[in-house]
Amino acid sequence: MPQATTAVPAATLPQIPVSALAPWAIFTALLTVVVLFFVGAEQGAFSVFEGTAIHEWVHDARHVLGYPCH
Ligand SMILES: [Zn+2]
């Protein structure tokens, strides 16, 4: 006995134009670079802000990501 088939509507994915995604991609990339700078390079000669406050705030993240520290 043949099995009955039911029609399932095809899923349609929303199409987002690249021009709408580009600002968010640039913002995300910029934010990533800033965060990686503060985690990985905000120390010593590369320090943007005086003191060690930022270094201490991101210290654990630095070690988790394997950046050389001390
Ligand atoms: Zn350390």
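Structure notes:
- For the chain, the set of GluC sites (Glu not before Pro) satisfying both a DSSP loop assignment and a count of at most 10 other C-beta atoms within 10 Å is given as Glu50.
- Phi angles of the stretch 7-23 translate, via the Karplus equation with coefficients 6.51, -1.76, 1.60 and θ = phi - 60°, into HN-Hα couplings of 6, 10, x, 5, 6, 10, 8, x, 9, 9, x, 4, 5, 7, 7, 4, x Hz per residue; Gly and Pro are given as x.
- The shape of the chain can be summarised by an equivalent ellipsoid whose semi-axes, obtained from the alpha carbon gyration tensor, come to 49, 19, 8 Å from longest to shortest.
- In terms of other Cβ atoms within 10 Å, Ser47, Ser19 run from fewest to most in the order Ser19, Ser47.
- ³J(HN,Hα), Karplus 6.51/-1.76/1.60, whole Hz, each residue of the stretch 51-61, x for Gly, Pro: x, 10, 4, 5, 4, 5, 5, 9, 4, 5, 4
FYI, it's all coordinate maths here, none of it is from the lab. What you see is a predicted model, and the numbers here were worked out from it, not measured in a lab. Cβ: placed from backbone, ideal geometry, glycine included. Neighbour counts: every protein chain shown.
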